[in-house]
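First up is the structure itself, then whatever we jot down about it.
Nothing in this text is a laboratory measurement; each read-out follows from the coordinates by a stated rule. This is a predicted model, so every value here is computed, not measured. Ideal geometry is used to build each Cβ from the backbone, glycine not excepted, and the neighbour counts take in all protein chains shown.
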Amino acid sequence: MHMRHLIDSTDLSVAEVDRILNLADDIIQDPAAFGECCKGRILATLFYEPSTRTRLSFEAAMLRLGGKVEGFSSAANTSVSKGETVADTIRVVGSYADIVAMRHPKEGAPKVASLFSPVPIINAGDGGHQHPTQTLTDLLTIRSLKGRLGGITIGLCGDLKFGRTVHSLIQSLARYENVTFILISPEELQLPRHLIHEVLEPNHLPYREVQSLEEVIGELDVLYMTRIQQERFLDKAEYERLKDSYVLDAAKMQLAREDMIVLHPLPRVNEIALEVDSDPRAAYFKQVKFGMYVRMALILTLLGIKNPLAPIREEEPELVAQPPVCQNPACITTAENGLPQRFMYTDEAHTRCKCFYCEHDAK
Ligand code: NCD
């Protein structure tokens, strides 16, 4: 039996997500009633990559529950710069704190942490891979403003290749009824193929890949805008060429439905013109507040203070006997030599496999 962590957005069942969103609703109704729930508990925020909102959101969540926080917001001044592994860091921090939120530029780092941690780990974003607490934020926002998670048409626009919030959100929304996905991006920034092959296609989910926002905006219930992820480009010239691919402005909003909502995980660069902020359909600042409340609900849940989650018996994936070397330059295995390569099969015929940590495909 395993302690529960939140590494990937589908680590929680749909029913468990529902309970967390319901708890967040209860907190929104009466925040003061939860003000002492985490008295005596400590949240550690280990942020190896810059962040303002996500880290402050976690810290605000814990403080509003009456708990305390410790942590770092850059790896530069820690023993990581002396060469300490994620495994060792987490064994140490797990002796001080009751729960840990970790953000890391290498994909799979929080997964590694969860293998060694004595306390629950929350993935607060790993490279271009996953960002499951942003997904809880997005789900709570959509459910609160649209009244439902199923039966929606969502357009995801911008950097679908490196945008980890998009990856987590698609995996999660794919579990609700009648969700239609419209994937709007330049060809170079399309959604990673493994999400098409493992999530959208096997579940027979309607999806379309398009390049023009204008062409599809009128069909959407939710428009999820994203920033082009400058820091993940290996080729800076390519970033320069693609950075202004989409700008949502008042003229484009005129083509949208009256009840469409616009979400964005923030920070925004220039993909949403400032004039859109005053449009009642712009929901990205409301989304920020939902994010804090849902993190409060998540902390209470993972600590077992409210709605405790049942421990799970994780099925041991069948590992590839002679694993290849992961070709993803952002994989945690490229940063830590001692970490064994581990690959698992993704199809029954055993012709395809993916890295256990970062989920990049291999043949
Ligand atoms: C996102 C992230 O870090 O992936 N931001 C966030 O968590 N609020 C989106 C982004 O950086 O573009």
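Annotation for residue 3 and residue 249: the two label points, set 7 Å from Cα along the Cα-Cβ direction, are 5.2 nm apart. With a cut-off of 13 Å between beta carbons, the residues surrounding residue 140 carry a summed charge of +3, where Lys and Arg count +1 and Asp and Glu -1.
Semi-axis lengths, largest first, of the ellipsoid equivalent to the stretch 319-363 are 19, 10, 7 Å, with √(5λ) applied to each eigenvalue of the Cα gyration tensor. If you take every DSSP beta bridge whose two residues both sit in the chain, what share of them, in percent to the nearest 5, is antiparallel? Close to 20 percent. For the stretch 90-107, the Karplus equation 6.51 cos²θ - 1.76 cosθ + 1.60, evaluated at θ = phi - 60°, returns couplings of 6, 5, 6, 5, x, 7, 9, 10, 8, 7, 10, 10, 10, 10, 8, x, 8, 6 Hz by residue, with Gly and Pro reported as x.
Label positions at residue 74 and residue 351, each projected 7 Å from the Cα along the C-beta direction, are separated by 4.9 nm. Summed over all non-identical Cα pairs, the Kirkwood treatment of the stretch 55-157 gives a radius of 15.5 Å. Note on the stretch 222-363: antiparallel DSSP beta bridges, both residues inside, total approximately 55 percent of the bridges counted. The HN-Hα couplings worked out from phi for the stretch 158-175 by the Karplus form 6.51 cos²θ - 1.76 cosθ + 1.60 (θ = phi - 60°) are x, 8, 7, 6, 9, x, 5, 5, 5, 4, 5, 5, 5, 4, 6, 5, 4, 8 Hz, whole numbers, x standing for Gly and Pro. How much net charge surrounds residue 238 when only the other residues with a Cβ under 14 Å from the Cβ of residue 238 are counted, with Lys and Arg +1 and Asp and Glu -1? Residues near residue 238 contribute -2 overall. Neighbours of residue 351, meaning other residues whose beta-carbon lies under 15 angstrom from its beta-carbon, give a summed charge of -1 when Lys and Arg score +1 and Asp and Glu score -1. Each peptide in 318-331, 42-55 was scored by the mean count of other Cβ atoms within 10 Å over its residues; highest first, the order is 42-55, 318-331.
Taking amide H positions as modeled 1.01 Å from N, with prolines and chain starts lacking one, the residues under 5 Å from residue 220 and 5 or more places away or on another chain are 257.
Using r as the Cβ-Cβ distance of residue 315 and residue 187, and R0 as 30 Å, what FRET efficiency do you calculate, to the nearest 0.05?
So the FRET efficiency works out to roughly 0.25.
Of the residues 269, 80, the one with the fewest other Cβ atoms within 10 Å heads the list, and the complete ranking is 269, 80. Put in order of Cβ neighbour count within 10 Å, fewest first, the listed residues 9, 172 become 172, 9.
From least to most packed, judged by other beta carbons within 10 angstrom and beginning with the fewest, 198, 348, 238 follow the order 348, 238, 198. Phi-derived couplings, Karplus 6.51 cos²θ - 1.76 cosθ + 1.60 at θ = phi - 60°, listed residue by residue for the stretch 246-255: 9, 9, 7, 10, 4, 4, 5, 4, 5, 7 Hz, with x used for Gly and Pro.
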